[in-house]
Amino acid sequence: MDEPPLFTFGVIADIQYADIDDGYNFTRTRRRYYRGSLRLLTNARRSWSESGVKPEFILQLGDIIDGFNKGRDSSDRALDAVLTEFGCGLPEVHHVWGNHELYNFSRAALLRSRLNGTARPSGAPADDGTARPSGAPADSQLCAYHFSPFPGFRFVVLDAYDVSLLGRETSSDQYSDAMAVIKQHNNNEDLNCPPVFVGQLQRFTMFNGGFGKQQLDWLESVLSTADDKQERVTIVSHLPVHPWSTADICLAWNFDELLAIIRCHGSVVCFMAGHDHDGGYYQDEGTGVHHVTFPGVIETPPDSDAFGTVSVYKDQMVLKGYGRVTDRVLPFPSSSKRHAS
């Protein structure tokens, strides 16, 4: 386009760095490049840093380091290596929590870490949405927030493992509640084994999770305010929520509840996620909302790349993909297309 963008931002997903030799996914069908993932992050960082139009921020969509670090007592060391790379000349990074964050750290530890986006430096603008979600108790372990990088635009970061067995004390009510959800559908001894091998019920595994009522109510409130202000909202989560934007096994447990909320709010224009290392895309027919699932760095060969830069204009976003990330033009849907469901 001839006109300059209002702002740009970078996106990357599923780095899963570990200082170990290459391996394979759980089904041994895809190679994983554990050390190479850090080199591909370096490629992304250099591209963003050297761009003529610097990104305002970076979205890191979860699984920043691999779960193998936990058994090797190298979680902190691996995280430091990745965050050091992110800190080399890049703007602010918004970190989404995925399952591998919770393999490595407890939820309480993550809330104290540099991956907690709800903890913003003093002096941050009052309207940047960085405070804890409205209505959340002071000791809430929910990590969800919103921010506005430019007038008329808002980004909402969701906690897709709000309802999850991961990162919770086994004696906690949250663990019991999550166990009750998964056991309705999955009776396997190994809860990382899906209950079926075809269809959406595959999603009820231990490596997925869901959105609790408090978070969903908070999201409703944020989107209602955005509707009133006629803002354009992009929602980000580690887990995808549209069945046609990902493999069934990668869906959030209660994806349908999240979709129902999106369909009631004309402010939402895009939903970005990771988790599915193949990536995916679908534009919802009813709402026009773009569901973009980004390919994982961890399964990207060292001679390729997996990151994107998004340029935002008044009527659309343009995704410039590198390597396995596909270029896309994402026109903003008309609010007239929306309908309550």
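The values are calculated or read from the model by the stated rules, or taken from the named source; none is laboratory data. Here the structure is a predicted model, which means the values were calculated and not measured. A quick note on method: Cβ atoms are made from the backbone with ideal geometry, for glycine too, and the neighbour counts reach across all protein chains shown. Surface accessibility is based on the protein's heavy atoms, side chains included, excluding ligands, DNA and RNA. Shrake-Rupley method; radii C 1.70, N 1.55, O 1.52, S 1.80 Å.
Sorting SER267, SER221 by accessible area puts them as SER221, SER267; the probe is 1.4 Å, largest comes first, and only protein heavy atoms count.
Based on Cα atoms of the range 250-289, Rg over Rh with Rh as the Kirkwood radius reads 0.96. A Förster radius of 56 Å combined with the Cβ-Cβ distance from ALA247 to ASP2 puts the calculated FRET efficiency at roughly 0.90. For GLU285 and SER172, the FRET efficiency from 1/(1 + (r/R0)^6), where r spans their Cβ atoms and R0 equals 41 Å, is about 0.55.
Charging the Cβ of each Asp and Glu at -1 and of each Lys and Arg at +1, and nothing else, the dipole of the range 179-232 about its Cα centre rounds to 120 debye.
Exposure here means at most 14 other Cβ atoms within 10 Å; with trypsin sites (Lys or Arg not before Pro) in a DSSP loop as sites, the longest stretch of the chain lacking them is 115-313. Within the shell of other residues whose beta carbon sits under 13 angstrom from the beta carbon of ASN104, the net charge comes to -2, with Lys and Arg scored +1 and Asp and Glu -1.
Pair-distance distribution P(r) for the chain, from all Cα-Cα distances in 20 Å bins starting at 0: 32, 62, 6 percent. Taking a virtual spin label 7 Å from the Cα of GLU189 along the C-beta vector, which residues in the range 205-227 bring their backbone nitrogen under 11 Å of it? Of the residues in the range 205-227, none has backbone N under 11 Å from the label point off GLU189. By the helix-only formula, in which each DSSP H run with n ≥ 4 contributes -39500 (n - 2.57) and the sum is divided by residues, the chain has a 222 nm mean residue ellipticity of -6500 deg cm²/dmol.
Ordering VAL96, PHE86, LEU219 by Cα displacement along the dipole of the chain toward the positive end leaves PHE86 in first place; charges were set at the Cβ atoms of Lys, Arg (+1) and Asp, Glu (-1). Evaluate E = 1/(1 + (r/R0)^6) for GLN200 and ARG30, where r is the Cβ-Cβ distance and R0 equals 25 Å; express this FRET efficiency to the nearest 0.05. E between GLN200 and ARG30, to the nearest 0.05, is 0.70.
Around the amide H of TYR17, modelled in the peptide plane, lie the amide H atoms of ILE65, ASP66, all under 5 Å away and 5 or more residues distant in sequence or on another chain. In the context of the full set of protein chains, residues of the range 10-55 present 50 Å² of accessible surface per residue (probe radius 1.4 Å, heavy atoms only).
Basic side chains Lys and Arg get +1 at the Cβ, acidic Asp and Glu get -1 at the Cβ, and with that the dipole of the range 218-341 about its Cα centre reaches some 440 debye.
Taking the accessible area of the chain, probe 1.4 Å, and keeping the other protein chains in place, the carbon and sulfur fraction comes to 49%. Think of the chain as a dipole: +1 on every Lys or Arg Cβ, -1 on every Asp or Glu Cβ, centred on the Cα centre; then among LEU165, SER267, ASN25, ASN25 lies furthest on the positive end.
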